[in-house]
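**Q** Sharing a structure here in C-alpha cells format.
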Amino acid sequence: MKVFARVLSIIALSLPCLCNFAAQTPDAEYEAVAEEYIKGYFAARPLQGTALGLHEYDGKITDYSRLALDAELSRLRRFDDRLKKFDPDKLSQRQSIDLRILQTAIKKELFQMQEMSIFERNPMVYARAADVNVYVKRNFAPLEDRVRSIVAIESQVPNIVIAAKTNLSDVLPKPYVELAIQIAKGSSDFLKKNLVAAIAELKDERIRAEFQESNRKAAAALTDYAAWLERDKLPKASPDFALGTEKFQRLLADTELVDLAPEKILEIGMVQLKAEQNAFAEAAKKIDPDKSPVEVFKQIQSEHPTPENLLTDIGKNLEQIRKYVTSHHLVTIPSEVRARVKETPQYRRATSFASMDTPGPFEKRATEAYYYVTPTESEWPEKQKEEWLTAFNYYTADIVSIHEAYPGHYVQFLRLNASPATKVEKIFGSYAFVEGWAHYCEQMTIDQGYGSTPTPSPTPKPSASPSPSATATPKPKPSPNTSPTPSVDNIKRAAKYRMAQADEAMLRLCRLCVSIKMHTQNMTVDEGTKFFQDNCYYEEKPARTEAMRGTFDPGYLNYTLGKLQILKLRDDYKTQEGENFSLQKFHNELLNHGMPPIRLLREIMLKDKSKWDQVL
C-alpha cells in the first residue's frame, strides 16, 4: 500500500510538468530555441556580448582555431534548419517577425562564413580580432577589473595570429592584404601607445605589470602578423575580390529580404545619383551662378568654427537641431537625456571624424551616450588644421549631427530602449535599417525646413567671410509658427544646407553604384576610385579609401538602399492613412519594432498584403 501511494505521489508531482509540456505554444517553443541560439552566439562572439552590456562575457575572446570555427559553422547550420520548422502563420505576429529577424541574422553569418569565406580569404578579420576599445571607452566596471579583462584578451593575440597563418588561403585578394597590413600595424601602435595612455590612472602595480607583459606580447604578435602578410601574402595576392552576381543577389535576399536584381538596383541608383547631382548644381546657382558647383561648395567649406570653438559650436547647433525636431513634431524623442558632445578619445582619432557612441541595450551602469567630434591637433601646421576644419563647415556639420544624433542614430537608440523590443530585436539589426534611417533623416529634416530660417549661430572663424551661419552677433531663431518672407540671405542659407545634404547623398549613392559594379561587373579599385572622383567630387585619396571599402564591405550600398526603402514605405503608408497621416506618427511606428529588415516593417505597417514585397 505504501509503495502504491508513493507511486501515486510521484505521478502527481510529475503531472504539472507534463501539462506544461503539452500546453507549450509555438511561441514558447520558438522563444526557447531563440534563447538557446543567443547563448551560443555570444559564447562564440564574447566581445559583442560585452559591447551590448552583457558583462558575463568580459575578458573573453573568440576562438579562431579551425576546430572552433568549424563547430560554429555547424551550429549555425543546425539552427538555420531548426528555425525552418516553425510556421510563421502559427506564431503570433510579434514572434513571426522575431523569427524572421533571427533567420536573416543567421543567414548573414552563414553567408560570411560560406560564401565570403571570411576566415580563409579576409586577413582583416584577425587584425581586428582583439579590439579592446569597449574596455576603455565605457566605465562599466572599476578600471582594475577592465584591465584584467584586457590582459586576458591580449594574452590570446599570439594564438589569433597563429590561427590566421593556419586558416588563411595561400592566395588572398590584394585589397584585403593591403588593408590588413595597415590595420595590424595600426592595432599594434594602438596597443603600445593609445591603450597605455587610456589606462594611465590604474593604481594597482601588480595588474599594471601583468598588463605591460600582455600588451608587449600582443603588440609584437600584431607587428609580426603585418610583416608576415607583407612578406608572404602580398607578393602573390590576387586582384580578384568580387562576389559575382549570384552571390551578391543572395546577399541582398538573405540579409535584407530584397529580391530585386542587382542591375535593377543599380539602375535606380544611377537615376537617383543624377537627381542629387542636379539638386547640388541647382542649389549652387542660388548661391553664386558665376561659379561651378564644386567651387561654390569649396567656398561653403571655408565657413567653419575655429579650433577653439569647434566643440562648443557643434554642441550649440546640436541643441538647435533637437529643438527643431521636437517643435516640428518630426519624431517623439522619449528621453530628455542629451548626448554629450566630447572630443574623440585619442585612441579612436585615426579612424573617426564624428561618431555616436551609445551604450549597449543591456548596459546597466555605463549608460552615458557620447557624440564624439575629432578636433585638430595642436602640433598640426595651420594648413592641415584648416583642411580638417573644412569638413566641419556649419552646414555639413549639422547634416552629420542629424545623421548621428537627432533624429538619426541617437534617437533610434532611445526609441529602441523605450520600446518593448524583444531580445532578438535588440541584438540583431538590419544594416539597411540602421544606416538607412540615419541617412534618410538627413534629407527628411532638410525637406521639413531645417536650415531655411536663421538659427543662433556661433562666432565665425576670423578669416572666414561673413555668412548667414557665421555672424559675429547671433540672431534669435524665429518662432516655428511664424513664416517670414524669405530674404536673399535665407535663400542662400537654405541652398547651402541643400548642397551639404546632397553632397552626403551623392557619396552614399556612389557607394551603392560602386558596390554593385565591383561585385557584379568587374569594376576595379582604380575604376571605383575614379567613379567617386567623377560623381561625388572627392579628391583621389578619400575616393580610393571609399573604393577599397567596397571590396570587403559590399553591404555599404545599404545606406542608400535603406533610405530608398523608407521613402517608399512612407509613400505607401501615407496613401493608406490619408488624412490621418503625420510624419511623427510614421516615424514613431517605424522605430517601435527594433531594427528589422525594412521588408518586415512593410508587413507590420501596411494593411495591403499586395504591397509587402514592393520594397522600392
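The values are calculated or read from the model by the stated rules, or taken from the named source; none is laboratory data. Just so we're clear, the structure is a prediction, and the values are computed from it rather than from any experiment. No Cβ is skipped: glycine too gets one built from the backbone with ideal geometry, and neighbour counts run over all protein chains shown.
**Q** Could you tell me which numbered condition Arg599 fails, if it satisfies all but one of (1) closer than 19 Å to Ala421 by Cβ; (2) assigned by TED's automatic domain parsing to the domain that holds Val525?
**A** Looking at each condition in turn, Arg599 falls short on (2).
**Q** Let me ask another. In this structure, is Asn317 buried (at least 21 other Cβ atoms within 10 Å of the Cβ) and closer than 30 Å to Arg338 by Cβ?
**A** yes
**Q** Does Lys323 qualify as being exposed (fewer than 15 other Cβ atoms within 10 Å of the Cβ), assigned by TED's automatic domain parsing to the domain that holds Glu442, out of contact with any Cys (no Cβ under 8 Å at 6 or more places or on another chain) and in a helix (DSSP H, G or I)?
**A** Taking the combined requirement at face value, the residue satisfies it.
**Q** Scan region 326-353 residue by residue and report those that are among the hydrophobic types (A, V, I, L, M, F, W, C) and surrounded by fewer than 17 Cβ atoms within 10 Å (Cβ to Cβ).
**A** Val337, Ala350, Phe353
**Q** For a quick check of your reading of the model, give me the residue pairs whose first member lies in region 525-550 and is in contact (Cβ under 8 Å) with a residue 12 or more places away in the chain, whose second is of a type in the set (A, V, I, L, M, F, W, C) and in a loop (DSSP other than H, G, I, E, B), with beta-carbon atoms closer than 9 Å and at least 6 apart or on different chains.
**A** From residues that are in contact (Cβ under 8 Å) with a residue 12 or more places away in the chain, the pairs are Val525/Phe241; Phe531/Met523; Ala543/Cys536; Glu546/Cys536; Ala547/Met523; Gly550/Met523.
**Q** So which residues in region 585-600 are free of Cβ contacts under 8 Å to residues at least 60 places away in the same chain and either buried (at least 16 other Cβ atoms within 10 Å of the Cβ) or out of contact with any Asp or Glu (no Cβ under 8 Å at 6 or more places or on another chain) (or both)?
**A** Phe586, Glu589
**Q** Looking at the structure I just gave you, is Gln412 over 26 Å from Glu589 (Cβ atoms) and of a type in the set (S, T, N, Q)?
**A** So Gln412 fails the test.
**Q** Report whether or not Leu310 is under 22 Å from Asp447 (Cβ atoms), touching a residue at least 24 places away in the same chain (Cβ under 8 Å) and hydrophobic (A, V, I, L, M, F, W, C).
**A** Criteria not met by Leu310.
**Q** Next up: Run down Asp447, Asp534 and say which single residue is surrounded by fewer than 17 Cβ atoms within 10 Å (Cβ to Cβ), closer than 30 Å to Arg322 by Cβ, out of contact with any His (no Cβ under 9 Å at 6 or more places or on another chain) and at pLDDT 95 or above.
**A** Asp447
**Q** Right, here's the next one. Please verify whether Val147 is touching a Leu at 6+ places or on another chain (Cβ under 8 Å), at pLDDT below 95 and farther than 21 Å from Glu246 by Cβ, treating the condition exactly as stated.
**A** Answer is no for this residue.
**Q** Here is a further query. Go through region 357-407 and count every residue that is among the acidic types (Asp, Glu), crowded, with 19+ Cβ neighbours inside 10 Å and not in a strand (DSSP E or B).
**A** 3
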